[in-house]
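Just so you know, all these numbers are worked out from the coordinates, no wet-lab data involved. Because the structure is predicted, anything quoted here is derived from the model rather than measured. Cβ placement follows ideal geometry from the backbone for every residue including glycine, while neighbour counts extend to all protein chains displayed.
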Number of protein chains: 2
Amino acid sequence: MTTDTLPVLAILGGTGDLGTGLARRWAQAGYEVIIGSRTLDKAETAVADLHEVMAERGVAEVSVRAMENLAAAEAGDIVAITVPFSHQAATLELVKPALQGKILVDVTVPLVPPRVGRVQLPEGGSAGQIAQDLLGEDVAVVSAFQNVAAAHLQEGSGVDCDVLVCGNKKDAREQVIKLVEAAGMRGFHAGMINNAAAAEALTSVLIVINKQYSCHAGIRITGIGD
Amino acid sequence: MTTDTLPVLAILGGTGDLGTGLARRWAQAGYEVIIGSRTLDKAETAVADLHEVMAERGVAEVSVRAMENLAAAEAGDIVAITVPFSHQAATLELVKPALQGKILVDVTVPLVPPRVGRVQLPEGGSAGQIAQDLLGEDVAVVSAFQNVAAAHLQEGSGVDCDVLVCGNKKDAREQVIKLVEAAGMRGFHAGMINNAAAAEALTSVLIVINKQYSCHAGIRITGIGD
């Protein structure tokens, strides 16, 4: 990967609503995307679906491939994980060697079903911190996208939601903010990785609001003078 | 207090930036406000300041009194607490008997100086939960206003920030949402009291953003179809 080329983006657990939503946006923005899954079959189905959606949108060429999660993590320059919290640790353990020296975009929200509207942060403080602790210092874990509804990501239109971007390395946060912008949103430096707790907790609040308004709520940062 | 009259609002630790900001807005909205402090002197100074500001704004009559915290808690129908986290428990212990049967609006944010931009939620999960546990079930603790900059509250103009309102009793949340609206903002039912963790954690993120933009950032809930 040189400074002239876009990084290859791998999405682990990329067949779910969040993963396919990000895949669509990044592919459409010109990134080479790898959809990873536990089985190649599921990843291939997701890739086929994505091509169909792009055809409907009149997007001529996108570069999207299907792989199993480990191969995806090996092939990606930047790796995102969009699995349920209950699968986060096992998935990261599997791909840990492949992530060394890379950025991991952690999209995990530590919801505890069935009470997903209740803030129940894990031991360790946040899913983002858990990922950083598990992967070690040579992986730059950056937490992002916790407050964006998957339904909005899957649409082709603009997303009325800002993204809080937490991580211990500024350069890594900046690279992820570029990916946020490529996906059509504003990203904000939101502090070190343990600040992921804020975005993760907020997701449960947004779920509570969604139930009241039958909507997919998000947030905007106000007052920054733009 | 009947349904025809507005509740009397007491603000414990009401001489700080947040407390005086809320006092100004509620007084201007026609509520009878009691500014409580550890010493009557300080409360009286705050009341005098408030009258000056109201005069500057051309607001003819407001009803604001000064009291020590315990007397304020006794005299208020609804009691707000706007002390630093380090004083929250001691202040609540002092006024606990006076709060029974009432609503406590907890504005506490568990910041840990000097690293106030770092999310460091307390044992117990949140300041709101700590207050509820300390005061017992006969006090309806409602967490609110954590993400609104005091500087904006002190101004007379509109505030571009929504307020997340958490508490175990819906009726109590609704009464606090009325107070949010009286102060010029939108309030959202944001779940049970432990969900206060989300708003409290978010304050540190907003502090991080404030430093980058030299601003007083806030949040807006988006996507609710308004």
Next item on the list: Compute the label-point distances linking A:Leu94 to its equivalents in the other copies; points lie 7 Å from Cα along Cα→Cβ; give nm, one decimal, shortest first.
Entry: 5.7
Checklist line | Size of the protein assembly as shown as Cα extents on the principal axes (Å, biggest first) | finding: 69, 39, 37
Next item on the list: Starting from the Cα coordinates of region A:119-207, work out the convex hull volume and express it per residue in Å³.
Entry: 88 Å³
Item checked: region B:28-69: GluC sites (Glu not before Pro) falling in loop per DSSP and having at most 10 other Cβ within 10 Å -> B:Glu61
Note to self: Using a label point 7 Å beyond Cα on the Cα-Cβ vector, give me the inter-copy distances for B:Thr5 in nanometres, one decimal, shortest first.
What the structure shows: 7.6
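Tell me, Kirkwood radius of region A:74-160 from alpha-carbon pair distances, in Å?
Working: mean 1/r = 0.0720 Å⁻¹.
Taking the inverse mean of 1/r over all distinct Cα pairs, region A:74-160 comes out at 13.9 Å.
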Check: If we hang a label 7 Å off Cα along the beta carbon direction at B:Gly124, how far is it from the matching labels on the other copies, in nm, shortest first?
Finding: 2.7
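In cubic angstrom, how much convex hull volume per residue do the alpha carbon atoms of chain A span? It would help to have the intermediate numbers written out before the result.
On the way: hull volume 28.6 nm³, N = 226.
Cα convex hull per residue, to the nearest whole number: 127 Å³.
Do any of B:Lys42/B:Lys96; A:Lys96/A:Lys169; B:Lys42/B:Lys178; A:Lys42/A:Lys178; B:Lys96/B:Lys211; B:Lys96/B:Lys178 go past 30 Å between their Cα atoms, and which?
Details: B:Lys42/B:Lys96 22 Å; A:Lys96/A:Lys169 19 Å; B:Lys42/B:Lys178 28 Å; A:Lys42/A:Lys178 28 Å; B:Lys96/B:Lys211 37 Å; B:Lys96/B:Lys178 24 Å.
Where the Cα-Cα span goes over 30 Å, the pairs concerned are B:Lys96/B:Lys211.
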Notebook entry, point to check: Gap in Å between the Cα centre of region A:29-78 and the Cα centre of region B:149-164?
Noted result: 45 Å
Item checked: Estimated [θ] at 222 nm from DSSP helical runs (n ≥ 4, -39500 (n - 2.57)) normalised by residues in chain A, nearest 500 -> -13000 deg cm²/dmol
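Considering only DSSP states other than H, G, I, E and B, which trypsin sites (Lys or Arg not before Pro) in region B:69-155 qualify as loop sites with at most 14 other Cβ atoms within 10 Å?
Details: sites: B:Lys102, B:Arg115, B:Arg118; in loops: B:Lys102, B:Arg115, B:Arg118.
Passing both the DSSP loop test and the Cβ count: B:Arg115.
Using a Förster distance of 25 Å, how high is the FRET efficiency between A:Leu94 and B:Gln120, based on the Cβ-Cβ distance and rounded to 0.05?
Working: r = 31 Å, r/R0 = 1.26.
Using R0 = 25 Å, I get an efficiency of 0.20.
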Notebook entry, point to check: Where both residues lie in chain B, what percent of DSSP beta bridges are antiparallel, nearest 5?
Noted result: 5 percent
Checklist line | Two-site FRET efficiency, B:Leu40 against B:Glu137, from Cβ-Cβ distance with R₀ of 30 Å, rounded to 0.05 | finding: 0.40
Check: aspartates and glutamates near B:Lys170 by alpha-carbon distance under 17 Å, same-chain residues fewer than 8 away left out - which ones?
Finding: B:Asp106, B:Glu137, B:Asp138, B:Glu181
